[in-house]
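Every number in this text was worked out from the coordinates using simple rules, so none of it is lab data. The shown structure was predicted, so the numbers you read here are calculated from the model rather than taken from an experiment. Glycine also receives a Cβ, built like all others from the backbone with ideal geometry; neighbour counts cover every protein chain displayed.
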Amino acid sequence: MSYLVLARKWRPQTFQDLIGQEHVCRTLQNAIASGRVAHAFLFTGARGVGKTSAARILAKALQCEAGPAAEPCNECPACLEITSGNSVDVIEIDGASNTGVEDIRELRENIKYLPSRCRFKIFIIDEVHMLSTSAFNALLKTLEEPPSHVKFIFATTEPHKVPVTILSRCQRFDFKRIPLPRIVERLRQIVDAEQAAIGDASLTAIARKGDGSMRDSLSTLDQVLAFCGDRVADEEVISLLGVVDRRLLLESSRAVFARDCPACLDIVARVDSFGCNMRHFCQELIDHFRNLAVLKVADNPAEILDLAEGEMKEVREQAGSVTLGDIQRHLAILLKAEGEMAFSGFTRLILEMALIRMCTLVPVVPVDELIERLKVLEGCSAKGTPSPAAREEARPPAPAAHAHPRGSDRNPPRTAAPAATPSGEGWPAFVAFAHGTKKSLGAILDHGRPLRFTAECVEIGFPAGSFQLACLQDADALESLKELAAKFWRSEPVVRLTPINGETRGLPSSLREKKGVEAADRRKKLEESARSNPAVTAALEIFNAEIGEVAEPDNDRDTEDRD
């Protein structure tokens, strides 16, 4: 005997067996019990949710020798013939292969004849949306006023393609996607009856692969049993189906919430080693964080989420350790990364950077809490801690390095040279003089060391092979430097350019180096001053913050603004 696949072997034979479509079953059963059975039905819904099975069950309930009954007996000849597909009074037509008007005309001819053995002549047309426009038109009149012994049952996955003239003549029943827990429950009944050892995690993965379709889930279960035999390991199921292990998703979110970047990178490496598609894994992560968000706000999340009972418990525990705002920020990062993956070949890099960004997100403080902290800070000011206005009045003037009064050495007059200075102490004035005379030359001299600086000899040192040394060794540039030195000293000093190799300890510093040291000292003093300020100390404590950067006050700019 040939093998019968599970989807056919365990096909629902009664309304009670039809999982997840209780709203349809109850309506049909009440209609049969009250004798209010319509002449045409339209069953719509996704693939594998029970549309054709419901049509056969309805046909058996109407044709059963003990009926019409709310449940067929499945024992009388009429029920057995319909179950096996051999009933002459229940005609199943595939709309995809019988699309023409001639097929419908033939159907109309058959309608005239009374049923051979049963009460009704029932026509089940699957994928009815595939009929041509002319075929639908040929069916209209018959569908509106059929003989009393005829019933039509249409099934389709795309009701929007069915003409409204047909829709208006049928009772429509919309079949729902079957919830994941219900599919898992049904699969458990089937594997127990088949005497197969398989864990709940594997059944959940199989059901999720079915995506709300019982037929697809049973087909996947058939594939798993063929591969693994009667004893199924969870790892084998994950490997065979190529799905993402749910434990990896939980580990990923746990690492993100713990700000553990190395763990996130390790998870991505494991996903890559398994051969999983990075974009698919990112989509699974998005779905996982969506589950976390729903658990934070929904009163009855089990009705919204496709999670098994064990998974629901684990996700609920994780959702309790993080705020809804943080979950939403993580979701925004993942959604952006998933969109970028569609147009990039560096999917692993995009996912890694997204997870690192999620790990390093700065915690967000609610506005209400910030307002309360500000009130506390204002209270500290009222009790003696300097207020912002008082700190502004008491603020010391800006360091002299940032004040540039008119006539200073920073911008000396171009026409008058300073008086001769007999030592290297006149080097800053000479460089300033160079900036005022020829700015490009002054910029180069900023990097030079005044090895000797007198009216008789100007010796400037530069690192060997440096750009500045090469520029000044040019004949025109060197001549300009000599003219500048002559004007500055009002004499004819010897000008030398000396390459410096290796150690510079003991040599005079360049102006660039001096400015760097002075700026570092100023920053250090400013930071020490800020840390010792009572108002800053109070703010750090109240906001649980750290000093990120200390900015030097710009008194000159404030003065100009006031002017």
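Tabulated results
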quantity: Protection proxy ranking, peptides 524-531, 536-543, average beta carbon neighbours within 10 Å, highest first; calculated: 536-543, 524-531
quantity: Among Ala530, Leu250, Val37 - extreme Cα towards positive end, dipole of the chain, charges at beta-carbon; calculated: Val37
quantity: Charged-residue dipole, Cβ positions (Lys, Arg, Asp, Glu), region 180-241 about Cα centre, Debye nearest 20; calculated: 220 debye
quantity: Positive-end residue of Ala197, Pro181, Gln223, charge dipole of region 180-241 with Cβ unit charges; calculated: Pro181
quantity: Calculated Rg and Dmax of region 138-205 using C-alpha coordinates, Å; calculated: 20.0, 55
quantity: Long-range amide H partners of Ile93 with built H, under 5 Å; calculated: Ile124, Ile125, Asp126
quantity: Region 446-524-region 321-352 distance, computed between alpha-carbon centres (Å); calculated: 53 Å
quantity: Inter-label distance, nm, simple model (7 Å from Cα along the C-beta direction), Leu335/Arg505; calculated: 6.0 nm
quantity: Spin-label zone in region 21-64 - amide nitrogen under 20 Å from a point set 7 Å from the Cα of Tyr113 along the C-beta vector; calculated: 63
quantity: Compactness relative to 2.2 N^0.38 Å, alpha carbon Rg of the chain; calculated: 1.74
quantity: Length-normalised contact order of the chain in % [C-alpha pairs under 8 Å, at least 6 apart]; calculated: 10 percent
quantity: Structure-based [θ]222 nm, the chain - -39500 (n - 2.57) summed over DSSP H runs of at least 4, per residue, nearest 500; calculated: -16500 deg cm²/dmol
quantity: About the Cα centre, charge dipole magnitude for the chain (Lys/Arg +1, Asp/Glu -1 at Cβ), debye; calculated: 720 debye
quantity: Net charge dipole size for region 246-359 [Lys, Arg +1 and Asp, Glu -1 on Cβ; Debye, nearest 20]; calculated: 300 debye
quantity: Region 122-160 and region 16-74: distance between their alpha carbon centers, rounded to Å; calculated: 18 Å
quantity: Under 19 Å from the His149 label point (7 Å along Cα→beta-carbon), backbone N, region 82-120; calculated: 82, 87-92, 106-120
quantity: P(r), alpha carbons of region 180-241 - 5 Å bins starting at zero, rounded %; calculated: 4, 22, 37, 27, 10, 0
quantity: Label point distance in nm, Ile356-Ala293, each placed 7 Å from Cα along Cα→Cβ; calculated: 2.5 nm
quantity: Cα-based helix-to-principal-axis angle, 51-63 vs the chain, degrees rounded to 10; calculated: 20 degrees
quantity: Length gained when the stretch Ala263-Arg512 is fully extended (0.36 nm per residue, less Cα-Cα span); calculated: 85.2 nm
quantity: Listed residue pairs exceeding 26 Å between alpha carbons, taken from Lys51/Lys161; Lys60/Lys161; Lys112/Lys161; Lys151/Lys176; Lys313/Lys336; Lys51/Lys296; calculated: Lys60/Lys161; Lys112/Lys161; Lys313/Lys336; Lys51/Lys296
quantity: Convex hull (Cα only) mean projected area of region 160-287, reported in nm² to one decimal; calculated: 11.1 nm²
quantity: Translational diffusion coefficient (Stokes-Einstein; Kirkwood radius from C-alpha pairs) of region 239-301 at 37 °C, 0.692 mPa s, in µm²/s; calculated: 262 µm²/s
quantity: Among beta bridges that DSSP assigns inside the chain, antiparallel share in %, nearest 5; calculated: 10 percent
quantity: Value of relative contact order over region 6-174, rounded to a whole percent, pairs C-alpha under 8 Å and six or more apart; calculated: 29 percent
quantity: Shape of region 1-81, Cα gyration tensor, a/c cut at 1.5; calculated: oblate
quantity: In order through region 25-33: 3J(HN,Hα) via Karplus (6.51 cos²θ - 1.76 cosθ + 1.60), integer Hz, x for Gly, Pro; calculated: 4, 5, 5, 5, 5, 5, 4, 5, 5
quantity: Farthest toward positive dipole pole in region 6-174 [+1 Lys/Arg, -1 Asp/Glu at C-beta], among Leu28, Val128, Phe154; calculated: Leu28
quantity: For region 432-563, average projected area of the Cα convex hull in nm²; calculated: 12.9 nm²
quantity: Helix 367-382 vs. the chain, principal-axis angle (Cα, 0 to 90°, nearest 10); calculated: 30 degrees
quantity: Extended-chain gain in nm, criterion 0.36 nm per residue less alpha-carbon gap, Lys9 and Ser84; calculated: 25.8 nm
quantity: Rg/Rh ratio calculated on Cα atoms of region 246-359 (Kirkwood radius); calculated: 0.96
quantity: Computed E for Gln223/Arg247 - FRET, C-beta separation, R0 30 angstrom, nearest 0.05; calculated: 0.85
quantity: FRET E, pair Ile91, Ala193, Förster distance 25 Å, beta-carbon r, rounded to 0.05; calculated: 0.20
quantity: Cα-derived Rg over Rh, computed across region 21-155 with Rh taken as Kirkwood radius; calculated: 0.94
quantity: Gain upon complete extension [Ala233, Leu349; 0.36 nm per residue less C-alpha separation]; calculated: 38.5 nm
